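The values are calculated or read from the model by the stated rules, or taken from the named source; none is laboratory data. Since the model is a prediction, treat every value here as computed from it, not as a measurement. Cβ atoms come from the backbone with ideal geometry, glycine included; neighbour counts cover every protein chain shown.
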Ligand SMILES: C[S@@+](CC[C@H](N)C(=O)[O-])C[C@H]1O[C@@H](n2cnc3c(N)ncnc32)[C@H](O)[C@@H]1O
């Protein structure tokens, strides 16, 4: 641990390292998650009907199912994640998508308005409110046209609570908070939102 860093930064670093370890170790469970989420991502994108010419940046792409759902609709897609085992699975399954190892703390390196759409699936509930605010601001800065967010909109019951408790401490605060307010603070306007399951939602936003 770097002794020069303030305590808050150290905690942030520790948390990111712990999260990466969690996702690396649970990569073998992804077929189950994919089975649940992949059809829901496809259905949501079918409903949104975003212009296929728009390029997509999928943040925290994991095993690549949201990236693949966009690609299946004709979008050129790049997927970023810091978990190598998940990216390995993504590259094997979806060779048509450009996947890269990337830590989202470095989002400031990506030029403004450089992708038509910036998306993320089930990232936001797992990161701290402070980092979430930064990621959302960066999404609004990088997206030329749209931001698409998939995540929990309400409590998913004991099983989801258990998994999220193992993942980290942010789930309860996330579902209690207001997405609309967070998006507005980050410089986004919600133009559409709808449930994709009993406890999941999609938000379509425009950068302001
Ligand atoms: C719950 S998974 C969702 C994966 C994928 N979006 C999906 O819908 O299946 C959360 C993902 O966020 C990634 N992640 C979390 N923090 C990250 C960070 N700081 N940089 C890059 N990826 C991160 C994890 O590696 C994991 O793949």
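Which ones in the range 84-93 are closer than 13 Å to residue 58 by Cβ and touching a strand residue (DSSP E or B) at 6+ places or on another chain (Cβ under 8 Å)?
Selection gives 87, 90.
Here are some conditions: (1) more than 16 Å from the ligand (Cβ to nearest atom); (2) modelled with pLDDT under 85. Residue 49 meets all but one. Which one does it not meet?
Going through (1) more than 16 Å from the ligand (Cβ to nearest atom); (2) modelled with pLDDT under 85 one by one, residue 49 breaks only (2).
For the structure I just gave you, tell me whether residue 42 is closer than 25 Å to residue 154 by Cβ and more than 10 Å from the ligand (Cβ to nearest atom).
Considered against the rule, which asks whether it is closer than 25 Å to residue 154 by Cβ and more than 10 Å from the ligand (Cβ to nearest atom), residue 42 comes out as yes.
Select from the range 180-208 the residues that are surrounded by 17 or more Cβ atoms within 10 Å (Cβ to Cβ) and either in a strand (DSSP E or B) or in contact with a strand residue (DSSP E or B) (Cβ under 6 Å, 6 or more places away or on another chain) (or both) and list them in ascending order.
Matches in the range 180-208: 183, 188, 196, 200, 201, 202, 203, 204, 205, 207.
Do we find a residue being assigned to a strand (DSSP E or B), more than 9 Å from the ligand (Cβ to nearest atom) and under 23 Å from residue 25 (Cα atoms) anywhere in the range 100-107?
Among the residues of the range 100-107, at least one is assigned to a strand (DSSP E or B), more than 9 Å from the ligand (Cβ to nearest atom) and under 23 Å from residue 25 (Cα atoms), which makes the answer yes.
Counting only residues that are out of contact with any strand residue (DSSP E or B) (no Cβ under 8 Å at 6 or more places or on another chain), crowded, with 16+ Cβ neighbours inside 10 Å and in a loop (DSSP other than H, G, I, E, B), how many does the range 37-83 have?
Here the count works out to 3.
In the range 88-99, how many residues are within 13 Å of the ligand (Cβ to nearest atom) and either within 22 Å of residue 45 (Cα to Cα) or surrounded by fewer than 19 Cβ atoms within 10 Å (Cβ to Cβ) (or both)?
Looking only at that region, the number is 6.
Pull out all pairs, ordered by first then second residue, where Cβ-Cβ is under 9 Å, the residues are six or more apart or on different chains, the first lies in the range 179-208 and is on the phi > 0 side of the Ramachandran plot, and the second is outside any helix (DSSP H, G or I).
187/207; 187/208
Can you tell me how many residues in the range 108-121 are outside any strand (DSSP E or B) and either near the ligand (Cβ under 9 Å from one of its atoms) or exposed (fewer than 15 other Cβ atoms within 10 Å of the Cβ) (or both)?
Residues in the range 108-121 being outside any strand (DSSP E or B) and either near the ligand (Cβ under 9 Å from one of its atoms) or exposed (fewer than 15 other Cβ atoms within 10 Å of the Cβ) (or both): 6 in total.
Enumerate the pairs (first residue in the range 112-132 and at positive phi; second residue anywhere and surrounded by fewer than 22 Cβ atoms within 10 Å (Cβ to Cβ)) with beta-carbon separation below 6 Å, excluding pairs fewer than 6 apart on the same chain, so at least 6 apart or on different chains.
The qualifying pairs are 113/144; 122/151.
Could we say that residue 32 is touching a residue at least 40 places away in the same chain (Cβ under 8 Å), closer than 27 Å to residue 169 by Cβ and more than 8 Å from the ligand (Cβ to nearest atom) here?
Criteria not met by residue 32.
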